[in-house]
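Read-outs throughout are calculated quantities, based only on the coordinates presented, and are distinct from any laboratory measurement. Only a predicted model underlies this, so the values are computations on that prediction, with no experimental measurement involved. Using ideal geometry, Cβ is built from the backbone for each residue, glycine included, and neighbour counts are taken over all protein chains shown.
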Amino acid sequence: MTLMSKMDALLATWLPMTERKFLLVGLAALVVIRLAVIFATPRTADFNDPRIYQGVGQTVLAGVNPYDYADQPALRAKLRAQMASGRADDEFTRTQASWDYYVSGNLPASTALYAAFEAIAHGSRFVWRLLFILGDAALFLAAFALVRTLHGRVDSGADQAALICLAVINPVLIVSGCAIPEDKQFQTALMLWASALLLARGPSTVKRAAGVGLVLSLSVMFKLLGVFLLPLWVADVRKVGRRFALWSVLAGLVPVALSFAFFGHYFVNAMLARGVSNSVDYPEHASPWVLLPNIESVPYLPLRIAVEAAFCGVLVALLWRRRIDLLNFCAGLCVAFTCIWLDRGAMNRMNMAIILAVASLAALSRTLFLRFCVAMVLISAAAYLLGVGLLKVRLELIDAVLISLFLVAYLICLARYRRDQSLAGTIPWSRE
């Protein structure tokens, strides 16, 4: 029995034939594309981020707390020296302080994943890249689950084409996640899964409440961004009642308790320090703020606060006028924080919010969802081929332009969309 036939038999328990075929074809295409990219870009395995993830995994597997800089300093120095071998001026391993900063740079759920991956990979970053494909697959499945929750089924050509564009052939995901190895697809998948569970129709069971609490907690303990879905959880609690709240909170406390049990309170201090450093300095990498000329000569922080407030104000106004639902409001807040406020990240970080926001458009309009996904593929593909391929423009500058275009197009679409009448009565418009 082949792997595909086993998967088909498993999916047959929950899904009709048309949806099963779509999932299997989509997953097969996703894996083939990612494998082709991995084999075509072998040198990117030596980029900083995959090395940092590997270093975190090695630190944990060696029994060292990555967040407690005073824990086993001799062993920490040995681990740094091993990875620094042959690299004279490496940002990650240059000093013990830089090593400590980077290996403590992610929340405990991410750190646990890195330890698991390194236990499997045994030092091979090629294997790490293969394991990252699981994140892309999880994102695709989670996006499918969310759209199915919103629309009741995913058997229309429009929904299927949108999902393929969003999660399978999206050039932004392929470049900033596969060609440049990254783990952040797991965070996006967790937020999409949490959204699907929170918006699911049907009776509120203990199993559903526990699932919501566990996935939502993991989405917070992985890269923090799951906090933007808490308004959905509060609305669900108000609708369903205390029993749902109790079981979801109890399940959600499990990842939190494990984090403190394994890493103590040290990870809290490390995350607070990192958050401050990402909020008060000048922009870097693919932040749209890098496009602003002479940034040192303008009141940058007040300007950023004003733009952030205006963006969030528009979201509040749209929600108040019932032009958007609570899911899109939460996704919009995540975009405002990740793409406007945090100004030192690359596309892979901002992509977590962008994919959530675009997937959430499925709650408003099938047509809007499809058109936005197709436009993302066409515009980003043209930008990479022309900007990076032909004009040799720096990739992060192209990404900054793409993010700026996304922010403008996203707000315009939210303000001007026309809700599909076919969705009337099929999705929870108000969670009050």
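Could you order peptides 372-383, 101-112, 144-155 by the average number of other Cβ atoms within 10 Å of their residues, highest first?
101-112, 144-155, 372-383
Which cysteines does the chain leave without a neighbouring Cys Cβ under 4.7 Å?
Cys178, Cys312, Cys330, Cys334, Cys339, Cys413
Over every pair of different alpha-carbon atoms in region 214-263, take the mean of 1/r and invert it; report that Kirkwood radius in Å.
11.3
Each residue of region 283-296 in turn: what ³J(HN,Hα) in whole Hz from Karplus with 6.51, -1.76, 1.60 and θ = phi - 60°, glycine and Pro shown as x?
x, 9, 6, 9, 4, x, 5, 5, 6, 6, x, 6, 4, 5
Ranked highest first by average number of other Cβ atoms within 10 Å, how do 189-198, 305-314 line up?
By packing density, highest mean first, the sequence is 189-198, 305-314.
Pull up the cross-link candidates among the lysines for Lys223, meaning alpha carbon to alpha carbon under 17 Å and not fewer than 8 places away within one chain.
Hits, sequence-local ones excluded: Lys184.
Straight-line reach from Lys239: which lysines have a Cα under 21 Å away, not including same-chain ones fewer than 8 places off?
Lys207
Are there any trypsin sites (Lys or Arg not before Pro) in region 13-87 that are in a DSSP loop and have at most 15 other Cβ atoms within 10 Å? List them by number.
Those satisfying the criteria are Arg87.
For Ala273, put the label point 7 Å out on the Cα→Cβ axis and report which residues of region 58-80 keep their amide N under 19 Å from it.
59-60, 64-80
Could you state the angle between the C-alpha long axis of helix 230-240 and the longest principal axis of the C-alpha atoms of the chain, as a value from 0 to 90 degrees rounded to the nearest 10?
Approximately 40 degrees, to the nearest 10.
How long are the three semi-axes of the equivalent ellipsoid for the chain, computed from the Cα gyration tensor as the root of 5 times each eigenvalue, in whole Å, largest first?
Ellipsoid semi-axes (Å, largest first): 33, 26, 24.
So, in Å, what gap is there between the alpha-carbon centers of region 218-266 and region 133-186?
24
Using only C-alpha positions, report the orientation-averaged shadow area of the convex hull of region 185-287, nm², one decimal.
7.8
For region 53-175, count the residues as N, evaluate 2.2 N^0.38 Å, and divide the Cα radius of gyration by that value, please.
Its radius of gyration relative to the 2.2 N^0.38 Å reference: 1.40.
Please give the peptides 246-256, 359-369 ranked by average Cβ packing (other Cβ atoms within 10 Å per residue), highest first, as a rough proxy for protection.
Packing order, densest peptide first, comes out as 359-369, 246-256.
Exposure proxy check: Glu19, Glu182 ranked by fewest other beta carbons within 10 Å? Please report the intermediate quantities before stating the final value.
On the way: Glu19 18, Glu182 26.
With the fewest neighbours first, Glu19, Glu182 line up as Glu19, Glu182.
Taking the Cβ of each residue in Lys223, Lys184 as the centre, tally the other Cβ atoms inside 10 Å and list the residues starting with the fewest. Working shown, then result.
Working: Lys223 21, Lys184 27.
Result, fewest neighbours first: Lys223, Lys184.
What FRET efficiency do you get for Thr41 and Ala119 if R0 is 25 Å and r is their Cβ-Cβ distance, rounded to the nearest 0.05?
Computed FRET efficiency for Thr41 and Ala119 comes out at 0.50.
For the residues Ile324, Ile398, what sequence is obtained by ranking on other C-beta atoms within 10 Å, fewest first? Show your work: numbers first, answer last.
Working: Ile324 26, Ile398 20.
Placing the least packed residue first, the sequence is Ile398, Ile324.
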